[in-house]
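To start, the structure under review is shown below, and the notes come after it.
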């Protein structure tokens, strides 16, 4: 959901309560923090019943006169760090070999050097736990980097040269994937090249678990789902500090470039030769595709969303249009395969009859919609598609895709065409979803632009 959509939902919910408490943790971890603060201030001004508590590692740049700031005390945090370190020293086998004097030395050094940064203390303890003798622990204790950036840089620097390419790919995907990735998904992503037309076992990692070894301490695995070990790793990889580093600048990432890389790799994956034949006709064949190609589910669901996270270059536009144009190939080609994977359906009539415009509207692919709706392109803007034979405008409104709906309406889409599944039209659905801006835009269409469809 967009911040605007959340704001609309909040305004609707707030009407139902005498007092409403909203807790937002780690505001600094979203790239939209300024927009979120602006929205929260607006909501608070409009609703005296709303109470908001926000945690963040940095102060907001706006609304200072309206926000009560409570800074955490380093002394209090250090007390928590001391408890944490003491508990690990007592309970973990590697540390039990330390005598009481050595344990006190470790605890004192980590607590006094952490300066209230809990993450630094944890990484420090993790690093110490790797050593097998007390002598080695003591030797490394006073050489541990003093800042979190230096700590992460040292971890990256230890990655062997031959593994750095894979490590960089893995960290890029984990920084910007739209959900946690499974190990087999990430293993496919890191070995995929944009010019690949097929994949076999010769190209794949012999054992995907090697990714956890290569990126030790930087990746967290839980029930086969992988994420960055901590959001501060993403902050570090995006920082000016790493770009200016002489040791590990090759690991620096850029938000727009990363989303572009992931989108293009997803399109490459969906365009492999094995999928050019179009959708399959049996459940066993469909399941086999997902099993044999572990990244298929992510690639089919997420590439449209990644495409809206950066400004498309002409190369990207051409490649996406070429991907859409495969619908004209026998059996709807690669495009048909994508639609089948997207819907997980064996209803091939739905796959074949639905046009790219419908899915661009469904996914709020604003940049692609602008291309498809350019004058001169032969587009039936009201052509129905999808499982329920909806118009592109209706599915855009149904999903709350404001920008897509506005583009379609301005290009001539009729908001009064009734949906075949739901006894409603785009205008009524916009009213139902409280999309006030869209309702106002539709206001001049209280009667259809053309003859209303027979009911």
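Points worth noting:
- Residue within the stretch 351-372 that is loosely packed, with under 14 Cβ neighbours inside 10 Å and part of a helix (DSSP H, G or I) present: no
- Residue check for residue 128: under 27 Å from the mean Cα position of the chain (by Cα) and either surrounded by 15 or more Cβ atoms within 10 Å (Cβ to Cβ) or closer than 28 Å to residue 290 by Cα (or both): no
- Within the stretch 334-350, the set of residues being assigned to a helix (DSSP H, G or I) and more than 28 Å from the chain's Cα centre (by Cα) comprises 348, 349, 350.
- Test result for residue 85, assigned to a helix (DSSP H, G or I), within 28 Å of residue 234 (Cβ to Cβ) and modelled with pLDDT of 95 or more: yes
- Residue satisfying condition, being surrounded by 13 or more Cβ atoms within 10 Å (Cβ to Cβ), touching a helix residue (DSSP H, G or I) at 6+ places or on another chain (Cβ under 7 Å) and under 29 Å from residue 175 (Cα atoms), within set 117, 106: 117
- Put simply, of 424, 378 the only residue that is in the same structural domain as residue 303 (by the TED database), closer than 30 Å to residue 323 by Cα and without any contact (Cβ under 8 Å) to a residue 60 or more places away in the chain is 378.
- Of 238, 181, 174, all but one fail to be surrounded by fewer than 20 Cβ atoms within 10 Å (Cβ to Cβ), under 21 Å from the mean Cα position of the chain (by Cα) and modelled with pLDDT of 95 or more; the exception is 238.
- If you check 122, 45, 70 for being in a helix (DSSP H, G or I) and closer than 30 Å to residue 13 by Cβ, only one passes: 45.
- Applying the criterion of being modelled with pLDDT under 90 and under 32 Å from the mean Cα position of the chain (by Cα) to the residues of the stretch 417-431, the residue that is surrounded by the most Cβ atoms within 10 Å (Cβ to Cβ) is 419.
- Residue check, residue 342 touching a helix residue (DSSP H, G or I) at 6+ places or on another chain (Cβ under 7 Å) and at pLDDT below 95: yes
- Check on residue 162, loosely packed, with under 13 Cβ neighbours inside 10 Å, outside any loop (DSSP other than H, G, I, E, B), in the same structural domain as residue 192 (by the TED database) and under 31 Å from the mean Cα position of the chain (by Cα): yes
- When we screen 269, 358, 298 for residues that are at pLDDT 95 or above, touching a strand residue (DSSP E or B) at 6+ places or on another chain (Cβ under 8 Å) and closer than 25 Å to residue 208 by Cβ, the only hit is 298.
- From the list 16, 51, the one residue that fits, being loosely packed, with under 14 Cβ neighbours inside 10 Å and assigned to a loop (DSSP other than H, G, I, E, B), is 16.
- Residue among 340, 367 that is touching a residue at least 12 places away in the same chain (Cβ under 8 Å) and under 21 Å from residue 309 (Cβ atoms): 367
The values are calculated or read from the model by the stated rules, or taken from the named source; none is laboratory data. What you are looking at is a predicted structure, and each value in this text was computed from that prediction instead of being measured. Here Cβ is always computed from backbone atoms with ideal geometry, including for glycine, and neighbour counts include all displayed protein chains.
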